[in-house]
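Visitor: One structure, pasted below without further comment.
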Amino acid sequence: MKLGQEGEAKRPETVFLRIGLVCVFALVTGVVVLPMASQHQATWWSSICGALGLGVGNPTPPPPFTAPSQLGSLVSWTRQTDGLLRGGDASRGQALAAATCTACHAAAARAVDASVPYLDGFSRRTIYKELVDYRSGRRVAPIMNNVARTLSDDRMRDLAAYYAHEQREAGLRHSTADTDAGRADPIVKLVYQGDPSRDIAPCASCHGPDGVVAGAPVLFGQSETYLSAQLHAFRDGTRHNDTLAQMRTPAHALDDREIHELAAYLGPSASLSTP
Ligand code: HEC
Ligand code: HEC
């Protein structure tokens with residue numbers, strides 16, 4: 001009996017059967033169970049095909065997620081930046097502006113080219129931030145990228161002191177926002193109340209007379225052509241130096257007619273200012 005059992009265990013068919021069972025177990029585990037447990041394949045069938053090296057289903061992993069650039073600018077508002085800006089010398093800035101900037105950036109009343117913005121009345125931070133963004137390439141406009149590359153921080157702070165010292169006359173005109181007709185106007189509403197149903201915060205919640213949010217430019221009295229071009233650029237994403245998409249977000253919700261009418265309302269020909 002004992003002899004018979006040993007003889008049976010050593011029979012070649014039994015050994016092959018055991019080896020076969022181990023192979024089947026390994027195959028099922030490697031090709032079916034493990035791939036199905038994996039999170040990377042879309043379906044159990046594509047999982048199995050993927051494990052066999054067959055390009056069926058969804059064998060290539062999806063490309064890594066890249067968030068749209070919300071970073072915008074690299075400028076931060078620190079005591080050091082404010083200290084630098086406070087040290088600006090307006091008369092040195094005026095001399096530098098007369099030599100290098102006023103050929104293009106005339107004051108509103110003397111505008112030479114409507115596509116060039118007026119800089120008078122901007123806060124020091126706005127002038128400085130835009131120049132730094134042009135220098136770093138975060139804001140793209142070849143003319144200004146070349147100009148800004150020649151400017152040191154000290155020159156930028158002098159220019160900022162000079163332009164902040166100048167007044168923008170159009171910004172002092174009387175407002176229509178506090179009249180009944182003004183309050184009923186959908187464009188005036190956008191500026192002072194925004195449109196919560198479309199996630200548009202009031203323009204004036206960030207753009208005050210002195211740029212309420214750090215770096216937000218004064219809009220009133222700005223060239224109409226320039227305002228319209230910038231709103232389009234923010235909406236299309238070709239201008240993206242606004243920190244955390246503060247400006248791309250509202251611009252994205254505006255249609256062409258609103259951009260046109262906002263630029264007309266804010267531009268120098270409108271008889272208004274902040275309320
Ligand atoms: C050859 C013409 C030219 C010269 C010279 C020039 N600029 Fe400009 N500047 C432009 C144009 C055009 C734009 C608008 C570019 C854009 O669309 O981003 C601009 C934009 C700017 C802006 C952004 C304003 C805003 O509303 O965001 C600042 C700040 C500025 N320039 C400062 C200067 C200073 C300071 C100088 C002199 C050191 C200077 N520029 C010289 C043509 C010029
Ligand atoms: C959440 C704050 C915020 C709101 C709301 C906002 N803006 Fe802005 N806007 C900014 C900031 C900040 C900038 C400057 C971006 C940069 O750093 O260059 C800017 C820039 C702009 C510019 C470019 C001006 C220039 O001189 O280059 C225009 C035009 C503009 N905004 C119009 C509007 C209008 C119109 C609305 C309302 C429909 C609006 N903004 C709502 C924050 C805001």
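Visitor: First measure r as the distance between the Cβ atoms of K189 and S91, then evaluate 1/(1 + (r/R0)^6) with R0 = 41 Å and state the FRET efficiency to the nearest 0.05.
Guide: Values: r = 43 Å, r/R0 = 1.04.
Rounded to the nearest 0.05, the efficiency is 0.45.
Visitor: Now for a separate question. In nm, give the distance between the simple-model label positions of V140 and S115, each being 7 Å from the Cα along the Cα-to-Cβ direction.
Guide: Going from the V140 label point to the S115 one covers 1.6 nm.
Visitor: Another one. For the residues R86, R157, what sequence is obtained by ranking on other C-beta atoms within 10 Å, fewest first? Mind showing how you got there, number by number?
Guide: On the way: R86 10, R157 25.
With the sparsest Cβ surroundings first, the list reads R86, R157.
Visitor: Please give me the summed charge of the neighbours of G267: other residues whose Cβ is under 11 Å from its Cβ, Lys and Arg +1, Asp and Glu -1.
Guide: Details: positive: none; negative: E224, E261.
Net charge in that neighbourhood comes out at -2.
Visitor: Okay, next question. Fewest Cβ neighbours within 10 Å first, please rank S91, S73 accordingly.
Guide: Values: S91 11, S73 18.
If I rank by nearby Cβ atoms, fewest first, I get S91, S73.
The numbers here are math on the coordinates, done by the rules we state, and not lab data. Just so it is clear, the structure is predicted and the values come from calculations on it, not from any experiment. In this analysis, Cβ positions are derived from the backbone assuming ideal geometry, glycine residues included, and neighbour counts consider all displayed protein chains.
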